[in-house]
Each structure stands twice: as C-alpha cells, then as structure tokens.
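Chemist: The structure under discussion is supplied below as structure tokens; questions concerning it will follow.
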Ligand code: SF4
C-alpha cells in the first residue's frame with residue numbers, strides 16, 4: 001500500500017487480490033478518507049464477477065492490470081502462471097463491462113519475448129475497452145533501437161483509436177515529437193517499479209537535463225550511451241517544464 005497524494009492510495013503486491021480481506025482493506029481506506037483507491041493486479045480474480053463487485057462496492061474503481069501477451073502461450077509463459085490468460089482476459093472484460101464509474105489501465109511490460117507481439121497486445125487492449133495503456137520498458141537486454149519502432153506503431157494505433165497511451169522508462173531524447181506520451185511527465189520518475197537512472201555525457205548539453213534523470217543505470221552498462229543525443233531546443237520543452245513546475 002502506497003500513499004501517493006492526500007486522497008490517493010495504491011494497493012499492490014505481490015498480488016493484492018490473493019488477500020481474502022482485500023474488500024475490507026479497500027473499505028478501511030475509504031474510511032480513512034482516501035477517495036482514489038487504485039489496485040495493481042494481474043486481473044485474474046476479477047474473472048469472478050461476485051468478487052469484482054465486492055471490491056468495487058468497497059470503494060475501488062481504479063484498476064491497473066498487467067497483460068504480457070496477446071495469446072495464452074506468451075502471456076502464461078511470461079507470467080509463469082498456467083491458465084492465467086483466459087482469467088485475466090475475463091477479468092478485464094468484467095471490469096470494463098461494469099456499468100459504474102471506473103478507470104481501467106492495461107500495463108504491458110515490454111521484453112524481448114513479447115516485443116514482436118506488442119502491436120497485437122495493444123490492439124487486444126483496445127478491443128477490451130481499456131481507458132489507458134502503459135508500455136513499460138522492462139527488459140535490460142532489450143535496446144531502445146529495437147523497441148522504438150514497435151512503440152511508435154503502438155502509439156499510432158492507440159491514437160487512431162482515441163485511447164490514451166503512455167510509455168515508461170524512455171527518455172525525452174528518444175521520444176522527440178511524442179513527448180506527451182511519456183508517463184513520467186505526469187507521475188514522476190520515481191515509480192513503484194524499481195528503476196535507477198543516471199546522467200551520461202550526452203546529457204550535459206541537453207535542455208531536459210534538469211527534468212530528466214537520464215537513462216537507467218543497467219541500460220547504460222549494457223548498451224552504452226551512443227543512442228542518445230542531447231536535445232538542444234525541444235519544441236515541447238517549455239510546456240513540459242510548466243507541467244513539472
Ligand atoms: S537528459 Fe540525457 S537521457 Fe535525458 S533526454 Fe537529455 S540526453 Fe536524453
């Protein structure tokens with residue numbers, strides 16, 4: 001459980017839906033005055049509509065559900081859980097179909113095993129009625145050069161379908177023209193998902209160096225800093241700076 005703002009709280013694990021008392025915890029959070037209660041989950045438990053209703057009745061209406069692949073083999077291989085794909089998809093369908101106010105975000109962790117499936121996963125997420133998609137760099141063995149074409153395709157697909165899509169773990173210099181899709185502008189660079197960043201020599205002349213913490217340490221160790229070039233006059237820089245300020 002992590003307090004993000006005075007009236008917001010995030011419940012995460014492990015897997016929070018494994019706790020039998022999750023509705024009680026949500027209820028207690030409401031009693032403490034939290035109004036925005038967000039649950040990070042694999043979504044499997046919500047294949048049971050009765051359980052979903054209990055959690056929503058207790059006061060949770062923000063869901064972030066992880067989807068690893070667009071087919072059972074890939075999703076279950078990467079989530080290490082046989083039979084999980086159908087449950088997760090049913091769970092997402094159930095949450096999306098509830099006729100109450102709710103917000104459903106699908107998190108797609110990007111790794112070398114699912115990279116070529118990324119656009120398919122995004123299309124599946126759109127078909128499931130998601131309100132937002134997060135594409136999260138997850139694999140230290142994957143270069144930005146390999147990932148970016150799939151990220152750009154995915155963003156375009158999502159824009160075409162008018163669904164909000166964000167990236168996680170990609171710096172401004174690689175996202176020029178797509179800066180508004182960088183999630184860290186809105187959520188900050190410190191997330192629940194462990195990442196350690198460092199500036200490198202390309203950062204010294206970059207206009208973003210005060211806003212951007214650089215690149216993940218493990219990434220620079222693996223690939224060096226040659227992919228990055230300083231942004232000298234970003235068109236969006238002033239707008240983004242205002243958001244930060
Ligand atoms: S500060 Fe460094 S990593 Fe960040 S956008 Fe600039 S060059 Fe890229």
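FYI, it's all coordinate maths here, none of it is from the lab. From a predicted model like this one, the values you see are computed outputs, not experimental measurements. Cβ coordinates were reconstructed from backbone atoms using ideal geometry, including for glycine residues, and neighbour counts include every protein chain displayed.
Chemist: Among 139, 21, 239, which comes first, second and so on when ranked by fewest other beta-carbon atoms within 10 Å?
Modeler: Arranged by neighbour count, lowest to highest, 139, 21, 239 become 21, 239, 139.
Chemist: Further question on the same structure: Please give the direction-averaged projected area of the C-alpha convex hull for the range 190-245, in square nanometres with one decimal. Kindly include the intermediate steps, with their values, before the conclusion.
Modeler: Working: hull surface 17.7 nm².
Taking a quarter of the hull surface, the average projection is 4.4 nm².
Chemist: At 0.36 nm per residue, and after removing the present C-alpha to C-alpha distance, how many nm does the segment from residue 187 to residue 200 gain when stretched out fully?
Modeler: Extra length available between residue 187 and residue 200 comes to 2.4 nm.
Chemist: Using a Gaussian network model of the chain with C-alpha springs under 10 Å, which one of 199, 75, 100 is most mobile by mean-square fluctuation?
Modeler: 100
Chemist: Follow-up. Assign one of three labels to the range 100-170, namely rounded, prolate or oblate, based on the Cα gyration tensor with a ≥ b ≥ c the square roots of its eigenvalues; rounded applies when a/c is under 1.5, prolate when it is not and a/b is larger than b/c, and oblate otherwise.
Modeler: In terms of gyration-tensor shape, prolate.
Chemist: Rank these for me by crowding, 77, 208, going from fewest to most other beta carbons within 10 Å.
Modeler: Fewest-to-most ranking of 77, 208: 77, 208.
Chemist: Can you give the % of DSSP beta bridges in the chain that are antiparallel, to the nearest 5?
Modeler: 15 percent
Chemist: OK, next. For the range 2-168, just list the percent of Cα-Cα distances falling in each 5 Å bin from zero outward, please.
Modeler: Using 5 Å bins, I get a P(r) of 2, 9, 18, 21, 19, 15, 10, 5, 2, 0 for the range 2-168.
Chemist: Any chance you could give the angle, 0 to 90 degrees and rounded to 10, that helix 84-97 forms with the longest Cα principal axis of the chain?
Modeler: Around 80 degrees separate the two axes.
Chemist: When the chain is treated as a GNM, springs tying every alpha-carbon pair under 10 Å, which of 123, 182, 110 comes out with the largest mean-square fluctuation?
Modeler: Per the Cα network of the chain with a 10 Å cutoff, 123 tops the list.
Chemist: Any chance you could get the radius of gyration and Dmax over the Cα atoms of the range 55-148, in Å?
Modeler: Using the Cα atoms of the range 55-148, the pair Rg, Dmax is 13.8, 45 Å.
Chemist: Sorted from largest down, what three extents in whole angstroms do the Cα atoms of the range 1-92 have along their principal axes?
Modeler: If we take the Cα atoms of the range 1-92, the spans are 42, 26, 17 Å.
Chemist: Using a 10 Å cut-off around each Cβ, can you sort 63, 237, 228 from fewest to most neighbouring Cβ atoms?
Modeler: Ascending number of Cβ neighbours within 10 Å: 237, 228, 63.
Chemist: Can I ask one more? Measure nothing but the geometry: give the 0 to 90° angle between the long axis through the Cα atoms of 144-160 and the longest principal axis through the Cα atoms of the chain, rounded to 10°.
Modeler: Taking Cα atoms only, the helix is inclined about 60 degrees.
Chemist: When the helices in the chain are scored as -39500 (n - 2.57) per DSSP H run of 4 or longer and the sum is shared across all residues, what 222 nm value do you end up with, to the nearest 500 deg cm²/dmol?
Modeler: -10500 deg cm²/dmol
Chemist: Sticking with this one: May I ask for the distance between the Cα centers of the range 227-245 and the range 1-61, given as a whole number of Å?
Modeler: Here the answer is 36 Å between Cα centres.
Chemist: Which residue, 72, 171, 149, has the most motion in a Gaussian network model of the chain that connects Cα atoms within less than 10 Å?
Modeler: Answer for the Gaussian network model of the chain: 149.
Chemist: If you don't mind, there's one more thing I want to ask. With an 8 Å cut-off on Cα pairs and a minimum separation of 6 or more residues, tell me the relative contact order of the chain in percent.
Modeler: Working: 384 pairs, mean separation 30.0, N = 245.
Relative contact order of the chain: 12 percent.
Chemist: When N is the residue count of the range 77-223, what does its C-alpha Rg come to as a fraction of 2.2 N^0.38 Å?
Modeler: Ratio of Cα Rg to 2.2 N^0.38 Å: 1.11.
Chemist: Percentage of Cα-Cα pair distances in the range 144-245 greater than 22 Å, rounded to whole percent? Could the numbers behind the result be given before it?
Modeler: Working: 1488 of 5151 pairs.
Tail of the P(r) past 22 Å holds 29 percent of the pairs.
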